[in-house]
1. With each pseudo-label sitting 7 Å past Cα toward Cβ, what's the B:L84-A:K92 distance in nm, one decimal?
2. Under a 5 Å amide H to amide H cut-off, with H placed in plane at 1.01 Å, what residues pair with B:D34 once short-range neighbours are removed?
3. Filter the trypsin sites (Lys or Arg not before Pro) in segment A:7-103 down to the DSSP loop ones having no more than 13 other Cβ atoms within 10 Å, then list what survives.
4. If I model a spin label at A:L76 and A:E99 as a point 7 Å from the Cα along the Cα→Cβ vector, what separation in nanometres do I get?
5. Go ahead and set up a Gaussian network model of chain A, Cα springs under 10 Å, then flag whichever of A:L14, A:L56, A:L24 fluctuates most.
6. Just from its helices, what would the mean residue ellipticity at 222 nm be for chain A, if runs of 4 or more DSSP H residues each count -39500 (n - 2.57) and the sum is divided by every residue, rounded to the nearest 500 deg cm²/dmol?
7. Angle between the Cα long axis of helix A:46-58 and the longest principal axis of chain A, 0 to 90 degrees, nearest 10?
8. Give the nm distances, rounded to one decimal, from B:G43 to the matching residue in every other copy, measuring between label points 7 Å along Cα toward the beta carbon; shortest first.
There are 2 protein chains.
Amino acid sequence: MSGDLRSLADVNRLIHEPSRSVILAILAVVESADFLYLLRETGLTKGNLSVHLSKLEEAGYVNIEKTYRGKIPLTLCRMTDRGLQAFNEYRKQLKQFVESTKE
Amino acid sequence: MSGDLRSLADVNRLIHEPSRSVILAILAVVESADFLYLLRETGLTKGNLSVHLSKLEEAGYVNIEKTYRGKIPLTLCRMTDRGLQAFNEYRKQLKQFVESTKE
DNA sequence: TAGACAGGTTTATATTGCAGACTAGTCTAT
DNA sequence: ATAGACTAGTCTGCAATATAAACCTGTCTA
């Protein structure tokens, strides 16, 4: 019973940051997204988006492919299997928390 | 559509901190809890619990009543209406996020 | 009277999130 | 040729956090 109330206690901090959970939520449904698309969808500044993506990459949650559209840099991001797994686990914990606190 | 994916973007940061959402989740169901009970249930250290409670009190989310059990200090915490409202709003946002990211 | 316990506060450290400035290369219009 | 805008960052500086640990006051217990 009270274990459910604590379902958020050991939540994945990397994902629990709103900016990053929003990024992951987008990547979970679009298969692949470029930097500018994420920039517009998340409303983050370039600097912050860049840093958040780097952290997610470090954790192995997203794959970042730097390529070119003609001669203009193009950064493509997609979620890894591991990222999807972690994100689903996170969603599960949120769900448990929400349900265990139903009045 | 994509607005739902961003439902966490403007989440209440005060509540989004796991330690505090767990505290609120407990207070939401017990009507009133003393310091030691919260200490055991949350697994936090005294210092951290104290600080988190103070922040929740500052925000008007919990009421802290310092009294005595015999001659031993007793700190009673209960959630305010405002706290319940904020907590429910938070739960709603989590729920929206979880549902909008269903595969 | 030494120790542990209740219920904290204070301090120190370490990490973070964020905005904004700066960089580097490309393209566009004048 | 050059100013301006665009992509995709990095870096800097600041403010806010979270956390553990030390400290404190008072009470009770052996």
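1. Spacing of the two 7 Å Cα→Cβ label points: 3.3 nm.
2. Excluding prolines and chain starts, which carry no amide H, the hits are B:C77.
3. Loop-located and lightly packed - A:K71, A:K102.
4. 3.7 nm
5. Of A:L14, A:L56, A:L24, the Gaussian network model singles out A:L14 as fluctuating most.
6. -18000 deg cm²/dmol
7. The answer is roughly 70 degrees.
8. 3.4
Any read-out appearing in this document is the output of simple, stated calculations on the displayed coordinates, not a laboratory observation. All values derive from a computational prediction rather than experimental measurement. As a convention, Cβ positions derive from the backbone with ideal geometry for all residues, glycine included, and neighbour counts pool all protein chains shown.
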